[in-house]
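Enquirer: Structure below; questions to follow.
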Number of protein chains: 2
Amino acid sequence: MPNGAQALMKTLVDADVEVCFTNPGTSEMHFVAALDSEPKMKAVLTLFEGVATGAADGYARMADKPAATLLHLGCGLGNGLANLHNARKGKVPMINIVGDHATHHVKYDAQLQSDIETVARNVSPGFVRTSQTTEALCTDAADAITAARSFPGQVATLILPADVSWGEGGEPCPPPALPAAPVADDATIAKIAEVIRASKKSAFLLGGRALREPSLLAAAKIAANNGVKVFAETFPVRIERGAGLPPVERIAYLAELASIQLADIDNLILLDAKAPVSFFAYPGKKSYLVPDSCTVHTLASPEQDTTASLSKLADLLGASQATPILQQPKRPDRPRGKLTAEKVCKAVGHFLPEDAIIVDEAITSGLMLNVMTEGAPRHDMVTLTGGAIGQGLPNAVGAAIACPERPVMALIGDGTAMYTNQALWTMAREALNVTSIIFNNASYSVLNIELERVGVESVGEKAKSQLDLKGPVLNFSQLAQGMGVHGVRVSTAEELNKALEYALSHSGPHLIEVMVPESLNGVKRKVLPWLLRSLPKLPLPLTRSLKKKIAP
Amino acid sequence: MPNGAQALMKTLVDADVEVCFTNPGTSEMHFVAALDSEPKMKAVLTLFEGVATGAADGYARMADKPAATLLHLGCGLGNGLANLHNARKGKVPMINIVGDHATHHVKYDAQLQSDIETVARNVSPGFVRTSQTTEALCTDAADAITAARSFPGQVATLILPADVSWGEGGEPCPPPALPAAPVADDATIAKIAEVIRASKKSAFLLGGRALREPSLLAAAKIAANNGVKVFAETFPVRIERGAGLPPVERIAYLAELASIQLADIDNLILLDAKAPVSFFAYPGKKSYLVPDSCTVHTLASPEQDTTASLSKLADLLGASQATPILQQPKRPDRPRGKLTAEKVCKAVGHFLPEDAIIVDEAITSGLMLNVMTEGAPRHDMVTLTGGAIGQGLPNAVGAAIACPERPVMALIGDGTAMYTNQALWTMAREALNVTSIIFNNASYSVLNIELERVGVESVGEKAKSQLDLKGPVLNFSQLAQGMGVHGVRVSTAEELNKALEYALSHSGPHLIEVMVPESLNGVKRKVLPWLLRSLPKLPLPLTRSLKKKIAP
């Protein structure tokens, strides 16, 4: 008869949980030993728990099924919290296996003792359970799998005391049955059809699974037939895009811009999305970005099937046979000369290979990236769903494990890259086809904007120094090499082009450190006027509506 | 009238909280701006929150007063949890300032929204408060300071909503009065004096503040006069040691050895320490390490004054004028030839400068380090109090900020160093006099021992691969250089000697990566028999009692 850990391992792989991102300690040694009892379980070692949880997040986004993580007690879980937060906000399925002290050891309050359930509460509110016996372990695991995989998906945390793991008498559970997501009810669909017919100022706001091809196409047909505008949420979990797919305008991060995007809309129809609110509050500004004159409707909640709901709506509107507008193939030219963040995005658009996965966490460069890659070959893009930076490199690890045949490009800010730089080692160890582009502008440059936006009027030297990453400037190519990843630093567009061609034609991980000026360094005045002046010069999709308003 | 952040800043510095380890985001921008309003507040930027909290921990251990941290909402606090856990276990004072969304923004559940109080609950159980108004902010801060600084010290978490921070009408609070720690009551002292007189097999177990010179001397006088043995807890918060101070035997990490250390003791007398329990549970082994025949007494709890309590006990025992045994100066020779972990410790003992601070997180090399440095010039040693690895490099940052005139030597394992490697950048930025020695054995080698200790009998290839850090082997000298720290890799004792001489004679941070064989690679048999055979060959203080038992 298997021990607890062995039975758990079988329960996991039978339920199609076949990858475990690990950072184990003593209390997880029996789980580690049990890895060899299940050939189907792949274990991927990480050097920091935030990498494990971020990788499991990226994996599930691309594999559409959860990975497990293996974490060492409350402190290991704590180190993984930020990326678990991002997964929670993205409704990404994941199963945390958190080792704990043996049940009889807890009362001694040994060094690593902490209340693990409390640590887990925020990030997996729907399922936290400490398994109490070896016999019950696999039932608990099946419940965790059910919780994680039920629509729309969530993080489930199973706490595994060492004696429950090493105890004899484990009984594997068969895979749980998973209910299908329901379709929106007819009355809701009819009401929304009515709204769309009655107003020319309706818009869909798509989020979550609604940003995959089937929902995008259904929405684009209605857009073509009924003049409904289509927006995507600001930070998609995963969006399918590029040539041949319907182009979608993302709601801007800057509340000032998002308000302008939404200014003309009378009816905002949500599909697996929430009504836009500003990322942070700013003095004297509204947090809720939907205009007072706009009514918000929900066509499909995150628990519902967005594609089926949109299809039924299209039928009702007579849009099912409409021809959707699809993105035409186009690529920017190779950039030339001195590097800027914009030129880096241009190079990405120029070189992006077929069927790529873009992981975008290059916060201050995100605007340009969307434009430059909009007509590139079809690809997926995953973004920072929960605002907790340090997601990008781990996400890239997970995406590459989920899709070993697809090239991954991770675009990461310098500040952001440091939080979970240990991901580079796992890329090297697993020989993952990830090209990481690090924007080194030696600054938390988004904060220079934020400082102004929150109304700070005078900024002293100490405050300024909290936002710069100078003295010393980080050298990411050296960091990459120190973790076994091929790394180069480039300062001109020509060097970048060459580095990208090399990376994309040589398998395994690469890191390209692009030395760029602080992207928004020119912001000496109030941000919004500056942006309004600057944006028309940029070919941004999100400025189509803006341009009309703000063109001189 | 100051805004909330400015008034808070004044309240902090007036209460002698003069250093803030930061990793801010948008919600903390007003606090950042307020830094320039208080010349006495030093802000130290870190690139990851675990560095900020670990640095604040190291600072307080050496400064005997708390630093503040500045963290970005629940996710920032989450990233800092592991080192906050270590601080909690060490009863180290600290004041977390955790920015939060403006109070009116919370209801919108924006991306970074989470329940910060729940995240904080484990690590600062004694004080978590969300300040609700600008007017109340400084009273809340004073309460946090009181909580943090009252004996024995704790982590206090003050959650600062953005609008409370930017609001006008802040009112600084005067520094709170801090009560002195009480002395043990006379009846307890009399009873313990009786115990000591009646039994020749009594021992003190010193922890926390009892490992500073005044308590060590008082305990050593009683040891000399009354034959009481003196032990230190396994992982001291801070221990004063070296030539001229009383030498103390630390309780071993391995439960098997600790049991032997305690086997002869009939009365164990605690001073700011708890009765020893094993770090983890092991199948079929006891968690509580005090023999059944031994009675545990508490002379001074963590809330009490250990030195005053010991002095009164010494008076009662007539030991006040006794001559304590003090460590004689002695240093090992320079090591020669191929490097081993032992030779690295030997080199540290040989070269340790006057008045140094040793930060020890080189888990598998810790045994040797204690022996090799016991007769070195007087120094402090800080160790891993809570078992959550990734403490060492951040602790070194904090210790160096607290004691800029003292050289810091951090001894760190390779696995451990990766958790919070970002600390190296802060060392470079602040030009700290820290020499970090990284033991690169390309392995989580302590786990190879643990695998056996928890009773895993057959270890497959997948399990083994979870414990090795090969493919690729990390290059810490490159990592250091990438963060602006002078870094070298050495493979022979001669190279190490040279690198240490260079580092200790050139100010600013240095990293020396020592390539050593996996320390305990030879452990093919059960661990305990191996250790019992090996230990008599090593001049360990903890084996004085062992040697008698196990000498052939």
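Enquirer: In whole Å, what are the Cα extents of segment A:4-166 along the three principal axes, biggest one first?
Expert: 41, 31, 28 Å, listed from the longest principal axis down.
Enquirer: Continuing with this model, one more query. For A:Val128, which sequence-distant residues (separation of 5 or more, or a different chain) have an amide H within less than 5 Å of its own amide H, given hydrogens modelled in the peptide plane?
Expert: Those lying under 5 Å, H to H, from A:Val128 are A:Thr157.
Enquirer: Ignoring ligands, DNA and RNA, how much accessible area is buried between chains A and B, both sides summed, with a 1.4 Å probe, to the nearest 100 Å²?
Expert: 8200 Å²
Enquirer: Skip the ligands, DNA and RNA, and give the accessible area per residue of segment B:417-482 with a 1.4 Å probe, whole Å².
Expert: I get 26 Å² per residue for segment B:417-482.
Enquirer: Give me the net charge of B:Ala177's neighbourhood, meaning all other residues with Cβ under 14 Å from the Cβ of B:Ala177; Lys, Arg count +1, Asp, Glu -1.
Expert: After counting each charged neighbour, the total is -2.
Enquirer: From the backbone phi of segment A:142-157, what are the Karplus-calculated ³J(HN,Hα) couplings (6.51 cos²θ - 1.76 cosθ + 1.60, θ = phi - 60°) in whole Hz, Gly and Pro given as x?
Expert: 5, 5, 5, 5, 4, 4, 5, 8, 5, 4, x, x, 7, 7, 10, 10
Enquirer: I'd like to compare B:159-165, B:117-123: which one has the highest average count of other Cβ atoms within 10 Å, and what's the full order after that?
Expert: Details: B:159-165: 26.1, B:117-123: 23.4.
Final packing ranking: B:159-165, B:117-123.
Enquirer: Only protein chains counted, 1.4 angstrom probe. Which residues of segment A:73-87 are at least 20 Å² less accessible in the assembly than when their chain is isolated?
Expert: For segment A:73-87, once contacts with the other chains are taken into account, A:Cys75, A:Gly78, A:Asn79, A:Leu81, A:Ala82, A:His85 lose 20 Å² or more.
Enquirer: How shielded is A:440-451 by partner chains, expressed as the average number of their Cβ atoms within 10 Å of its Cβ atoms?
Expert: 2
Enquirer: Of A:Lys89/A:Lys221; B:Lys274/B:Lys312; A:Lys286/A:Lys464; B:Lys343/B:Lys498; A:Lys338/A:Lys464; B:Lys42/B:Lys65, which sit over 18 Å apart, Cα to Cα? Working shown, then result.
Expert: On the way: A:Lys89/A:Lys221 29 Å; B:Lys274/B:Lys312 21 Å; A:Lys286/A:Lys464 27 Å; B:Lys343/B:Lys498 14 Å; A:Lys338/A:Lys464 26 Å; B:Lys42/B:Lys65 14 Å.
Check vs 18 Å cut-off fails for A:Lys89/A:Lys221; B:Lys274/B:Lys312; A:Lys286/A:Lys464; A:Lys338/A:Lys464.
Enquirer: Right, here's the next one. Accessible area per residue, 1.4 Å probe, Å², for segment B:71-139: what's the number?
Expert: Per-residue accessible area for segment B:71-139 comes out at 28 Å².
Enquirer: Still on this structure, please answer the following. What is the dipole size for chain A, taken about its Cα centre, with +1 at each Lys and Arg Cβ and -1 at each Asp and Glu Cβ, in debye to the nearest 20?
Expert: Computed charge dipole of chain A: roughly 2660 debye.
Enquirer: Evaluate the Kirkwood expression for the hydrodynamic radius of the protein assembly as shown, namely the inverse of the mean inverse distance over all pairs of different C-alpha atoms, and round to one decimal in Å.
Expert: 30.3 Å
Enquirer: Taking only DSSP H segments of four or more residues, each worth -39500 (n - 2.57), what value at 222 nm results for chain A once the sum is divided by all its residues, to the nearest 500 deg cm²/dmol? Kindly include the intermediate steps, with their values, before the conclusion.
Expert: Values: 22 runs with 216 residues, N = 552.
After summing the helix terms and dividing by residue count, I get -11500 deg cm²/dmol.
Enquirer: Let me ask you something else. Just give the residues from segment A:371-396 buried by at least 10 square angstrom of accessible area in the all-chains context relative to the isolated chain, probe 1.4 Å, and say none if nothing qualifies.
Expert: Buried on complex formation: A:Thr385, A:Gly386, A:Gly387, A:Ala388.
Enquirer: To continue, here is another question. What does the copy distance list look like for B:Gly318, label position 7 Å along Cα→Cβ, in nm and ordered from shortest?
Expert: 11.3
Enquirer: Take the alpha carbon atoms of segment B:295-377, find their radius of gyration, then divide it by 2.2 N^0.38 Å using N residues; give the quotient. Walk me through the numbers on the way to the answer.
Expert: Working: Rg = 18.2 Å, N = 83, 2.2 N^0.38 = 11.8 Å.
Rg over 2.2 N^0.38 Å, computed on Cα atoms: 1.54.
Enquirer: Per-residue mean of other chain beta-carbon atoms within 10 angstrom of the beta-carbon, peptide A:89-100?
Expert: 1
Enquirer: Quick one: grab Rg to one decimal and Dmax as a whole number for chain A, Cα atoms only, in Å.
Expert: That works out to 23.9, 77 Å for Rg and Dmax.
Enquirer: Tell me the angle of helix B:392-402 to the major Cα principal axis of chain B, expressed in degrees between 0 and 90 and rounded to the nearest ten.
Expert: Once rounded, one gets 70 degrees.
Enquirer: Report, to the nearest 10°, how far helix B:4-14 tilts away from the longest principal axis of the Cα atoms in chain B, using its own Cα long axis and a range of 0 to 90°.
Expert: It is inclined by approximately 40 degrees.
Enquirer: Among the DSSP beta bridges whose two residues both lie in segment A:341-521, what percent are antiparallel, rounded to the nearest 5?
Expert: So the antiparallel bridges amount to about 5 percent of the total.
Enquirer: Contact order normalised by length for chain A, with contacts defined as Cα pairs under 8 Å and 6 or more residues apart; what percent is it?
Expert: Relative CO of chain A lands at 14 percent.
Enquirer: Okay, moving on. In whole angstrom, note down how far apart the Cα centers of segment A:104-159 and segment A:200-255 are.
Expert: 36 Å
Enquirer: For a label point 7 angstrom out from the Cα of B:Glu135 toward its Cβ, which stretches of segment B:161-184 have the backbone nitrogen within less than 13 Å?
Expert: B:168-171
Enquirer: By residue number, which cysteines of chain B lack any other Cys whose Cβ falls under 4.7 Å from their Cβ?
Expert: B:Cys20, B:Cys75, B:Cys294, B:Cys345, B:Cys403
Enquirer: So, one more: Mind listing the long-range amide H neighbours of A:Ser436? Cut-off is under 5 Å, sequence gap 5 or more, other chains count too, H placed in the peptide plane at 1.01 Å from N.
Expert: A:Ala410, A:His510, A:Leu511, A:Ile512
Enquirer: When Rg is the radius of gyration of the Cα atoms in segment B:407-480 and Rh is its Kirkwood radius, what does Rg/Rh come to?
Expert: 1.09
Enquirer: Taking Rh as the Kirkwood radius, which is the inverse of the mean 1/r over Cα pairs, what is the Rg/Rh value for segment B:341-521?
Expert: 0.97
Enquirer: Among A:Leu313, A:Val514, A:Ser199, flag the residue with its Cα farthest along the positive direction of the charge dipole of chain A, charges on Cβ as +1 for Lys/Arg and -1 for Asp/Glu.
Expert: Going by the Cα projections, it comes out as A:Ser199.
Enquirer: Enter the mean number of other protein chain beta carbons within 10 Å of the beta carbon of each residue in B:463-470, as an integer.
Expert: If you average over the peptide's residues, the count of other-chain Cβ atoms is 6.
Enquirer: Hey, can you find the accessible area per residue of segment A:186-317 for me, probe 1.4 Å, expressed in square angstrom?
Expert: Ligands and nucleic acids excluded, the figure is 34 Å² per residue.
Enquirer: Please report how far the C-alpha centroid of segment A:39-102 lies from that of segment A:275-325, rounded to the nearest whole angstrom.
Expert: The distance from the Cα centre of segment A:39-102 to that of segment A:275-325 comes to 31 Å.
Enquirer: Moving on. Apply the Karplus parameterisation 6.51 cos²θ - 1.76 cosθ + 1.60, with θ equal to phi minus 60°, to every residue of segment A:442-459 and state each ³J(HN,Hα) to the nearest whole Hz, in sequence, with x for glycine and proline.
Expert: 6, 6, 7, 5, 4, 6, 5, 6, 5, 4, 6, 5, 7, x, 6, 9, 10, 10
Enquirer: Got the B:Gly244 label distances to the other copies yet, label 7 Å along Cα→Cβ, in nm, shortest first?
Expert: Its label point is 7.8 nm from the equivalent points in the other copies.
Enquirer: Right, next: Roughly what angle does helix A:341-351 make with the longest principal axis of chain A, taking Cα atoms, 0 to 90 degrees, to the nearest 10?
Expert: Tilt of helix A:341-351: around 80 degrees.
Enquirer: Here's another thing I want to ask about it. At a 1.4 Å probe radius, carbon and sulfur cover how many percent of the accessible area of the protein assembly as shown?
Expert: Numbers: 19050 of 35590 Å².
Roughly 54 percent, rounded to a whole number.
Enquirer: Nearest-5 percent of antiparallel DSSP beta bridges in segment B:186-317?
Expert: Antiparallel bridges make up about 5 percent of those DSSP assigns within segment B:186-317.
Enquirer: Here's something else I'd like to know. Placing +1 at every Lys and Arg Cβ and -1 at every Asp and Glu Cβ, with all other atoms neutral, what dipole size does segment A:137-189 have around its Cα centre, in debye to the nearest 20?
Expert: Here the size comes out at about 160 debye.
Enquirer: Label-to-label distances across copies for A:Tyr502, with labels 7 Å out along Cα→Cβ, in nm, shortest first?
Expert: When each copy's label point is compared with this one, the spacings are 2.7 nm.
The values are calculated or read from the model by the stated rules, or taken from the named source; none is laboratory data. Small disclaimer: the values here were computed from a predicted structure and weren't measured. Please note: Cβ atoms are built from the backbone with ideal geometry, for glycine as well, and neighbour counts cover all protein chains shown. Side chains included, ligands, DNA and RNA excluded: accessible areas come from the protein's heavy atoms. Shrake-Rupley method; radii C 1.70, N 1.55, O 1.52, S 1.80 Å.
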